[in-house]
Structures are given as C-alpha cells and as structure tokens.
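Here, each number is a calculation from the coordinates, and none is a lab measurement. Keep in mind that what you see is a predicted model, and the values were worked out from it rather than measured. Neighbour counts are summed over all protein chains in view; Cβ atoms, including those assigned to glycine, are modelled from backbone coordinates with ideal geometry.
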Amino acid sequence: MRDEEAQWRGAGAGAPRALGAMAVCAAAGFALYLAFPPVGWWWTAVPALAVLVACVDRARMGRALLNTTAFGVAFWTPLIPWVVVSTRTPLAWVALVVSQVLFLSLWSLSVSLMRVWSWTRSPVGQALGCALAWTGVEQARSAFPWSGFPWGTVALPQVDSPLGRLAPYGGVALVSFAVMAVAVLV
C-alpha cells in the first residue's frame, strides 16, 4: 500500500515544475518581444532565446512543446496586435498567433529529435543544430503559406547590435543563425 500511495503522490509532483517552466518560458517570450520595436531592447533577444533553449534542451518532447507554446504565445501576442486593426477581427490575430506558434513548435520538435545525433551533444554541435533548425523554421514561415509571414524574425531587432554587422554577409538568415548560436553558447 505504501508504494502505491507514494506513486500516487509522486504522480503530480512534476505539475508545479512544469507550470514553473512554462511561466519562465512565457517571461522569456515576452523578453524577446521587448527586443522588437517599439521598445527596441535588442539585447534581450539572446537571453530570451537562451532561456527557451534551456527549457527545451532537457525536457521530454511533450513538455518541450508546452514550453515552446508558452514562449510563442507570450512573444507573438503582443508583437502583432495590429492584425486586429487591419482585419477588423480578433479572430485573424488569434489565427496568426496560433500559426506562428505552430511554426515555432517545429523548431522545438527538431531540437528534440536532434538529440539522437552524437554531434549535437557538444556545445558547438548543439549551437549549430539549434541555430540551423531556428533559421530553417524562420525561413519556412517567411515563405509559406501564401508567401509567408517574415515578421518577428530575430534578426530584425539586431540592426543596432554587433550581430547586425553580419547582415551584409548573409542577410537576415545569417544574423538569425548567429543570434541563436550565441544564445545556445551563453
């Protein structure tokens, strides 16, 4: 009986931890929003992404997706409120937030699946893998569907940052790659 009782009590022990991780990810998502205009605190992008990577890195796939969802909702919701004004319906805003969070979930899924490859277990390999997946997802959502939605690319607020100086050599893709790689290595 005691073993069953201990199992039952331990079954929900991860719930507060999971909610805490989701709250931390939501705060990180909002911190990434702060990197964009009108606030323009470009330096918040790297720590925000570092927190996201930390929350996704060791989590199981399901929990990683929940953490990414919390991050994405907290980032995209305040970033694109103009959609309500331009479409005159909040439904379009919600649909766009959901679609962008789904794209972000592709990154989380990619990172979770990459763990099986030995080259992603080193810090440099993890930085390359996470940055490649992030840049690939950003490029995909910038092109699909209906010519995409490039808004919210992490390179955009980096214009005044040192990483923004990489733009002439590889454009938005290289800057986004560098921002994520630095976030992983921090």
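Observations, loosely collected:
- Positive-end ranking of Ala45, Ala173, Ser118 along the dipole of the chain, with charges on Cβ about the Cα centre, is headed by Ser118.
- Computed FRET value (nearest 0.05) for Trp146 with Ala15, which takes r as the C-beta separation and R₀ as 41 Å: 0.55
- Distance distribution note for the chain: the fraction of Cα pairs above 22 angstrom is 47%.
- The protection proxy used here, the mean number of other Cβ atoms lying within 10 Å of each residue, ranks peptides 20-26, 38-44 as follows, highest first: 20-26, 38-44.
- Loop trypsin sites (Lys or Arg not before Pro), the range 45-97, which have at most 13 other Cβ atoms in a 10 Å radius of their Cβ (DSSP): Arg58, Arg60, Arg88
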